[in-house]
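Peer 1: Handing you a structure now.
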Amino acid sequence: MLNTEQQAAVDAPLGYNLVIASAGTGKTSTIVARIEKLLINKVRAEDILLLTFTNKAAAEMIKRVEQKFPKEAQRIEAGTFHAVGYRWLKSINSNLVLKSPKELKTLFKSIYERRDFTRLEVQPYAASTLFEYYSFYQNSIEELSFGEWIQKRNSEHAPLAAIYEDIIQEYEELKASYGFLGFNDLLLEVIRHKGKIKSFKEVLVDEYQDTNNLQARFLNAINCESLFCVGDYDQSIFAFNGANIDIIASFTKRYPDARVYNLSKNYRSTKYILELANRVIAHNKRIYPKRLEVMNNRNAKSPKLLVFEDLYDQYEAIAQKIYLSSTPKEEIAVIFRNNASADGIEAALRQRGVLCKRKGSRSLFDMKEIQALFDIVAILINPKDLLSFIHILQYAKGIGANIAKDLFEGLQRCGEGDLKKGLLEPLDLYDPFSKKERNYQLALFDDLSQLGSKSRFKEIAILDNPVLKHPKLSQEGAKFLDELARLYSLRIKKPSSYIEHIKNSYIFNEIVNTLAAKRAKQKDGTIDEVIYEDARQKIMRRIALMEHLAKRYNDVYRFYNAMVLGSSEMEEGEGVNLLSVHASKGLEFREVYIVDLMETRFPNLKLVAKSGSIEEERRLFYVAVTRAKEILYLSFAKYDRVKRVEFLPSRFLKEAGLL
């Protein structure tokens, strides 16, 4: 049953509609009811587009629509900006391959490493930093070139602008040659192909306050009769990822005929929690007027301020309160601004035997051994996968991303475009490595001065392969290539057989040894043999689990897709929720602790000074507070005895009236 405000938004005529849905006011119910209203009014399901910020949110909304419209619900186009863009682009070009930011960063690094910056006076950005800046640039700027944007951001790097742009150009050309797309590319390509994208009767956008400039351009590229956007400017907390609060703020200016609806009835938090949140957020400029009405009449308790003399006393005391709490552990959340805050809480909870999970923390599928396993599967089933090849070869001593890319391209030339053929049946080429022309101005230098001798390698079955002439190919790198050739020569069909052969291969055993040694390395550089053996056993147990999962599949492609693309939702964990403020967005809990509320920490004044704002930090505090339904604790410590630093309480505690 909708309230009058929600019903008014649902009944809005087609056109440009903005719904300001504050925390806990039932925005999901409103969006679901709006979709149902469109279907009742005979709008075809195929003409409705729902854009959300997680695929999980889209699936939940469609599932609710399905209760009334079981057939139509599945025909609605729904998902994240990126998921929808990917489906559209695949229908235009089936050869496109989506790659994660981590994979593309490896590719970017292989290009960056060919540059010699030693002759320049300015210290360049590291490859990873430059890659992140380029991603941020794509999300936020459209008028300036990348070089101009870098110069505007940091004038000291003006002498490097042309080099940076040339690296970007080579990176984009290489991506295009392999059909690789990153997440930003999905949106950029849709914008470029907007004439080929179908029209919609209405586009609904959830979490509109978190859209960035690129997503706004994506929306503008979609031909639609009606736009229904739902969001809350007080919960815009993703500026670090390019989110632009001006997009929601300027809605009525960009669309003069726009209608604005306000959802003011809060069903989540009790009176005292909501009053505290409102007192603090009122210090930010009001973009659209709103006043929240409390609808939660459960046993209301005033939020409590916890003050501690020392930082670690705080963590111990909170862990003890959680241990003794009668609230189910899954209904408790500890929310923090900085990751370091969670470490102390987690240790203190585990010490008491209290289970906990950190949202966004390392899952099984983030472990390097699992990623390496699936990189080998990927290159075996798709010999064109450059990035998987680079990831694997980098585990061989003496092989970096640049050398690995040289070897991949050399093998492709020997196999007339086919890596597998290049390993098993290579053409007899004198020099399979092409060289880019020197360009001193762009820091490009030829590092393959002369070919090496193949006779330097021993016990190699592919000794006649021309790529062994690479002057920088190490003995271990050659063995990796030799073993890859052996794996290609096997006739493997079952997914479990793939895992078994990979597990027993020379390549994977070297990877396991490398990872175990790294995890057992002591401060003095020696390897602790007990830790090393324990690390090896843990790795092999994880691989055994993968082998067990593989037995459920008959097709290796289905297995690979299920494991790699679906892995992020396979591990949820249980117990107390340890969440950064950003990870807590959209969630709610009966009992909430917000920790480390000290100036410099929350608000994070370092980030404010660098590129953030106090207004954004205040919105983060507002989001954290409004996750609580009934019980809220806010805590700070006066001193850090390890770093010998004294703290002042957060200004937000003063604004909340707690000090």
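Peer 1: Using a 1.4 Å probe on the protein heavy atoms only, what accessible surface does LYS63 show? Give it in Å² to the nearest 10.
Peer 2: 140 Å²
Peer 1: Given points 7 Å out from each Cα along the Cα-Cβ axis, report the ASN241 to GLN74 separation in nanometres with one decimal.
Peer 2: A separation of 3.0 nm, rounded to one decimal place.
Peer 1: A further question follows. Show me 23-34, 166-177, 648-659 ranked by packing, highest mean number of other Cβ atoms within 10 Å first.
Peer 2: 23-34, 648-659, 166-177
Peer 1: OK, next. Relative to the longest principal axis of the C-alpha atoms of the chain, give the angle of the C-alpha long axis of helix 475-489, reported between 0 and 90° and rounded to the nearest 10°.
Peer 2: The two axes meet at around 80 degrees.
Peer 1: Here is a further query. Between ILE527 and ASP640, what FRET efficiency follows from the Cβ-Cβ distance if R0 is 25 Å, with the result rounded to 0.05?
Peer 2: 0.15
Peer 1: Efficiency by 1/(1 + (r/R0)^6): what FRET value for ALA544 and ALA517, r their Cβ-Cβ distance, R0 = 22 Å, to the nearest 0.05?
Peer 2: The value I calculate is 0.60.
Peer 1: For LYS304 and ARG119, what is the calculated FRET efficiency with R₀ set at 45 Å and r taken between the beta-carbons, to the nearest 0.05?
Peer 2: Taking R0 as 45 Å, the efficiency between LYS304 and ARG119 is 0.15.
Peer 1: For a quick check: with amide H placed at 1.01 Å from N, whose amide H comes under 5 Å from PHE53's, ignoring anything fewer than 5 positions away on the same chain?
Peer 2: Residues meeting the criterion, in which the H sits 1.01 Å from N, do not exist here.
Peer 1: Could you compute how much accessible surface LYS638 exposes when probed at 1.4 Å, giving the result in Å² to the nearest 10?
Peer 2: Solvent-accessible area, nearest 10 Å²: 90 Å².
Peer 1: OK, next. Compute the long axis of helix 311-324 from its Cα atoms, compare it with the longest principal axis of the Cα atoms of the chain, and write down the angle in degrees, 0 to 90, nearest 10.
Peer 2: Computed tilt is about 70 degrees.
Peer 1: Another question, if that's okay. Which residue, chosen from SER497, LEU515, ALA544, occupies the Cα position most advanced towards the positive end of the dipole of segment 488-567, where the dipole is computed from +1 (Lys, Arg) and -1 (Asp, Glu) charges on Cβ about the Cα centre?
Peer 2: The residue sitting farthest along the positive end of the dipole is SER497.
Peer 1: Express the relative contact order of the chain as a whole percentage, based on alpha carbon pairs under 8 Å and six or more residues apart in sequence.
Peer 2: Computed over the chain, the figure is 18 percent.
Peer 1: List the pairs from LYS175/LYS421; LYS421/LYS479; LYS99/LYS420; LYS265/LYS357; LYS102/LYS405; LYS68/LYS359 whose alpha-carbon separation is above 24 Å, in the order I gave them.
Peer 2: LYS265/LYS357; LYS68/LYS359
Peer 1: Ordered by residue, what ³J(HN,Hα) values in Hz, to whole numbers, does segment 619-632 give under the Karplus form 6.51 cos²θ - 1.76 cosθ + 1.60, where θ = phi - 60° and Gly and Pro are x?
Peer 2: Listing the rounded values in order: 5, 4, 4, 4, 4, 4, 4, 7, 7, 7, 8, 10, 10, 9 Hz.
Peer 1: Give the cross-link partners of LYS201 among the lysines, using a straight C-alpha distance below 20 Å as the criterion and excluding same-chain residues fewer than 8 apart.
Peer 2: Output for LYS201: LYS37, LYS42, LYS71.
Peer 1: Further question: Leaving ligands, DNA and RNA out of it, work out the accessible area of SER135 with a 1.4 Å probe and give it in Å² to the nearest 10.
Peer 2: 40 Å²
Peer 1: Give a residue-ordered list of calculated ³J(HN,Hα) values for segment 372-388 (Karplus: 6.51 cos²θ - 1.76 cosθ + 1.60, θ = phi - 60°; whole Hz; x for Gly, Pro).
Peer 2: Here the 3J(HN,Hα) series is 5, 4, 6, 5, 5, 4, 4, 6, 6, 8, 9, x, 8, 7, 4, 5, 5 Hz.
Peer 1: Continuing with the same structure: Provide the gained length on full extension for the span SER611 to ASN95, in nm with one decimal, where the gain is 0.36 nm per separating residue minus the Cα-Cα distance.
Peer 2: Extending this stretch completely gives an extra 181.9 nm.
Peer 1: When only C-alpha pairs under 8 Å and at least 6 residues apart count, what is the relative contact order of segment 585-659, in percent?
Peer 2: 44 percent
Peer 1: Another one. What percentage of the solvent-accessible surface of the chain, computed with a 1.4 Å probe over protein heavy atoms, is contributed by carbon and sulfur atoms?
Peer 2: 49 percent
Peer 1: Under the √(5λ) rule applied to the eigenvalues of the Cα gyration tensor, what semi-axes describe the equivalent ellipsoid of segment 136-199? Give them in Å, descending.
Peer 2: Over the Cα atoms of segment 136-199, the ellipsoid semi-axes are 26, 15, 8 Å.
Peer 1: In addition: Along each of the three principal axes of the Cα atoms of the chain, give the extent in whole Å, ordering the values from largest to smallest.
Peer 2: 81, 61, 57 Å, listed from the longest principal axis down.
Peer 1: Compute the separation of the alpha-carbon centres of segment 24-52 and segment 585-659 and state it in Å as a whole number.
Peer 2: Using only Cα atoms, the two centres lie 36 Å from each other.
Peer 1: Please list, by residue number, everything in segment 266-310 whose backbone N is under 19 Å from a paramagnetic label point 7 Å out along Cα→Cβ of ARG352.
Peer 2: 304-310
Peer 1: Next question, about the same structure. Per residue, how many Å² of accessible area does the chain show with a 1.4 Å probe?
Peer 2: Normalised by residue count, the accessible surface of the chain is 47 Å².
Peer 1: Can you sort TYR134, TYR553 by solvent-accessible area, 1.4 Å probe, largest first?
Peer 2: Result, largest first: TYR553, TYR134.
Peer 1: Relative contact order, percent, of segment 286-415 when contacts are C-alpha pairs under 8 Å separated by at least 6 residues?
Peer 2: Result for segment 286-415 is 13 percent.
Peer 1: Give the distance, in whole Å, between the Cα centre of segment 240-303 and the Cα centre of segment 184-198.
Peer 2: Each part's Cα centre sits 33 Å from the other's.
Peer 1: Kindly write out, for segment 535-541 in residue order, the coupling ³J(HN,Hα) from the Karplus curve 6.51 cos²θ - 1.76 cosθ + 1.60 (θ = phi - 60°), rounded to whole Hz, with x marking Gly and Pro.
Peer 2: Once rounded to whole Hz, the list reads 5, 4, 5, 5, 4, 5, 5.
Peer 1: Straight-line reach from LYS152: which aspartates and glutamates have a Cα under 13 Å away, not including same-chain ones fewer than 8 places off?
Peer 2: The reachable aspartates and glutamates, counting only those whose Cα sits under 13 Å from LYS152, are GLU143.
Peer 1: Continuing with this model, one more query. So what's the gap between the Cα centers of segment 81-111 and segment 508-553, to the nearest angstrom?
Peer 2: Each part's Cα centre sits 31 Å from the other's.
Peer 1: Suppose we look only past 18 Å in the calculated P(r) of segment 153-301. What percent of the Cα-Cα pairs does that tail hold?
Peer 2: Result: 72 percent of Cα pairs exceed 18 Å.
Peer 1: Quick check: with the 1.4 Å probe, what order do GLU202, GLU500 take by accessible area, largest first?
Peer 2: Heavy-atom accessible area, descending, gives GLU500, GLU202.
Peer 1: I would also like to ask the following. Find, among the GluC sites (Glu not before Pro) in segment 351-417, those assigned to loop by DSSP (not H, G, I, E, B) with at most 11 other beta-carbon atoms within 10 angstrom.
Peer 2: Sparse-neighbourhood loop GluC sites (Glu not before Pro): GLU416.
Peer 1: In the P(r) worked out for segment 484-623, what percent of Cα pairs fall beyond 18 Å?
Peer 2: That tail contains 73 percent of the Cα-Cα pairs.
Peer 1: Which order do the peptides 466-475, 273-282 take when ranked by the mean count of other beta-carbon atoms within 10 Å per residue, highest first?
Peer 2: So the peptides 466-475, 273-282, ranked by packing, come out 273-282, 466-475.
Peer 1: Tell me which residues come under 5 Å, amide H to amide H, from LYS265 once H is placed; ignore anything under 5 positions away on its chain.
Peer 2: Close amide H contacts, sequence-distant or interchain: GLU293.
The values are calculated or read from the model by the stated rules, or taken from the named source; none is laboratory data. Just so it is clear, the structure is predicted and the values come from calculations on it, not from any experiment. A quick note on method: Cβ atoms are made from the backbone with ideal geometry, for glycine too, and the neighbour counts reach across all protein chains shown. Each accessible area value is taken on the protein alone, full model and side chains, heavy atoms only, with ligands, DNA and RNA left out. Shrake-Rupley method; radii C 1.70, N 1.55, O 1.52, S 1.80 Å.
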